[in-house]
Amino acid sequence: VAKYVDAGGPKFDLVVFDEASQIPPWDAVGAIARGNQVVVVGDSQQLPPTSFFSREDDDDGDEEDLEDLESILDEAIAARLPQLLLGWHYRSRHESLIAFSNHHYYGNRLNTFPSPEESMEGLGVQFRHVEGHYDRGGSRTNKKEAEVVVAEVVARLTDLTTCGASIGIVTFNSQQQRHIEDLLDVARQRHPAIERFFTDTEEPVFVKNLESVQGDERAVMIFSICYGPDAGGRVSMNFGPLNRRGGERRLNVAITRAREQLIVVSTLTADQIRLSATRSVGVRHLR
């Protein structure tokens, strides 16, 4: 805005920020100055602005670590601007898709629409346990999980009864994201009929990591946890940005993208998460 809109020109009547939890104040000030009124729309329980920096000395963490920053939403709340809570949750077509977040992050204040289809298959949350391992200190991927995710996508897109439901894939780290993308490229070559679901459709299949999936939604979301026992069976209690203060916000974003179904694909099981080894709220909620 500061680059393309002359500060000396006529002011806008209204400036609106969407996804304001991800906008740092210094990016917002120039736009605010060019308007007479401002509306700041965002969710303080979702991702804040982040700054990436290298952590080459940490074998357990991601190659890129994150520093959470203040947002224009934080500043608006701190300044005690008038607030209005949007209480209707429009996205989820099954109560289980929002129930966890509604309880843990929104104080059960969200009103959800009862679904007449609760008994139908293909709605709600599913857990798929995978016998694999997390390549900690190496590629930082879980190859078996990635294979299961891609097989699920191919099976759905080649089945006439399920191919109409759009699909998104979310991963905890960028390494797993890239590995799944590579496997999907191979699958698209082997199954040319599914190519249209990646290009020629209103909601193409996507693969994104936690830091980039906010604001997206699909009918079916597949969540690859990736973390889990390494080749020696050891489970590290380091889950990347999830361990950090506010990490639970990333989990909240990841599990609320689906309209119809969320499929959690995981080598990790709840009993392998040792809460005595961490104080992280995000890790406790992951368990």
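The values are calculated or read from the model by the stated rules, or taken from the named source; none is laboratory data. Bear in mind that the values here come from a model prediction, so they are computed numbers and not experimental data. Glycine gets a Cβ as well: all are built from the backbone with ideal geometry, and neighbour counts include every protein chain shown. All accessible areas refer to the heavy atoms of the entire protein, side chains included, with ligands and DNA or RNA removed. Shrake-Rupley method; radii C 1.70, N 1.55, O 1.52, S 1.80 Å.
Whether any residue in the stretch 108-123 is crowded, with 18+ Cβ neighbours inside 10 Å, among the aliphatic types (A, V, I, L, M) and in contact with a helix residue (DSSP H, G or I) (Cβ under 9 Å, 6 or more places away or on another chain) is what I want to check.
Checking the stretch 108-123: at least one residue is crowded, with 18+ Cβ neighbours inside 10 Å, among the aliphatic types (A, V, I, L, M) and in contact with a helix residue (DSSP H, G or I) (Cβ under 9 Å, 6 or more places away or on another chain).
Test residue 71 against the stated conditions and say whether it is open to solvent by less than 20 Å² (accessible area, probe 1.4 Å) and under 30 Å from residue 26 (Cβ atoms).
Yes: the conditions hold for residue 71.
In the stretch 169-188, which residues are buried (at least 22 other Cβ atoms within 10 Å of the Cβ) and not hydroxyl-bearing (Ser, Thr, Tyr)?
Passing the criteria: 169, 170, 172, 173, 176, 177, 179, 180.
Restricting to the stretch 187-203, count the residues that are within 15 Å of residue 169 (Cβ to Cβ) and touching a residue at least 24 places away in the same chain (Cβ under 8 Å).
Result for the stretch 187-203: 4.
Does residue 165 satisfy the criteria of being outside any loop (DSSP other than H, G, I, E, B), over 30 Å from residue 50 (Cβ atoms) and either in contact with a helix residue (DSSP H, G or I) (Cβ under 8 Å, 6 or more places away or on another chain) or modelled with pLDDT of 95 or more (or both)?
no
Which ranges mark the helices (runs of 4 or more DSSP H) fully within the stretch 171-275 that have 2 or more residues being modelled with pLDDT under 95?
In the stretch 171-275, the matching helices (runs of 4 or more DSSP H) lie at 247-254.
Anything in the stretch 3-50 that is open to solvent by less than 60 Å² (accessible area, probe 1.4 Å) and of a type in the set (Lys, Arg)? List them, or say none.
If the condition is that a residue be open to solvent by less than 60 Å² (accessible area, probe 1.4 Å) and of a type in the set (Lys, Arg), then 34 is the only one that fits.
If a residue has to be crowded, with 21+ Cβ neighbours inside 10 Å, under 23 Å from residue 147 (Cβ atoms) and not aromatic (Phe, Trp, Tyr) to count, how many in the stretch 236-255 make the cut?
Residues in the stretch 236-255 being crowded, with 21+ Cβ neighbours inside 10 Å, under 23 Å from residue 147 (Cβ atoms) and not aromatic (Phe, Trp, Tyr): 2 in total.
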